[in-house]
Amino acid sequence: MELRIAAPADAAALADLGARSFVAKFGNMYTPEDLDNFLNESHSAAKTTKEIADPAMRVVVAEEEGRLLGFCKLVMACGWPEHAQGRRVIELKQLYTDPDTTGRGIGSALMDRALEIARDHGADEVQLSVWSGNEGAQNFYARYGFGKIADIHFMVGEQRDDEFLYARML
């Protein structure tokens, strides 16, 4: 498995992987209309292309023999400044793996790289949000030293999801 910064040519495959991963984990929680609208807004090739090109983001992909296995997106700015504990805070926006490859250490490799990028950027805190019902992800983040610092919410169409804001000092 190779980890690398995403290139513009990765946009369509990243958008597809993001949508498939989201649907596999959360698709049953939403009305078809809310889900379709969310996927079109958040996991389109056009949006992914912009994120890859954005100097305020880092998109890291995990790849094996030309196949994308996972990715993470880092916003090199604080997503929730009202909860910031550090002076230079970044946000881990997404960490997704292909639903067919879960359990192979891809998420761990991506998290290790994300934390390395954060340190290289001079960040002293990383924030991320996680759905309140996703205990597996919460346990994964806890293994990396993240802890809950606030209750927040996330909108998918008309549905408001209760989320937890996690953070880790570097």
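The values are calculated or read from the model by the stated rules, or taken from the named source; none is laboratory data. Computed from a prediction, not measured in an experiment: that's the story for all the values here. Methodologically, a virtual Cβ is constructed for each residue, glycine included, from the backbone with ideal geometry; neighbour enumeration extends over all protein chains shown.
Just a few scattered comments:
- Helices (runs of 4 or more DSSP H) within region 1-66 that include 1 or more residues touching a residue at least 24 places away in the same chain (Cβ under 8 Å) and closer than 19 Å to Leu110 by Cα: 11-26, 45-53
- Some residue of region 146-156 being modelled with pLDDT under 95 and farther than 18 Å from Cys78 by Cα: yes
- Under the condition of being within 17 Å of Thr101 (Cα to Cα) and touching a strand residue (DSSP E or B) at 6+ places or on another chain (Cβ under 9 Å), the residues counted in region 61-83 number 9.
- Residue count for region 148-170, restricted to those that are surrounded by 13 or more Cβ atoms within 10 Å (Cβ to Cβ) and part of a strand (DSSP E or B): 15
- All positions within region 67-106 that are small (Gly, Ala, Ser), surrounded by fewer than 22 Cβ atoms within 10 Å (Cβ to Cβ) and not in a loop (DSSP other than H, G, I, E, B): none
- Residue check for Ala123: in a loop (DSSP other than H, G, I, E, B), aliphatic (A, V, I, L, M) and buried (at least 16 other Cβ atoms within 10 Å of the Cβ): yes
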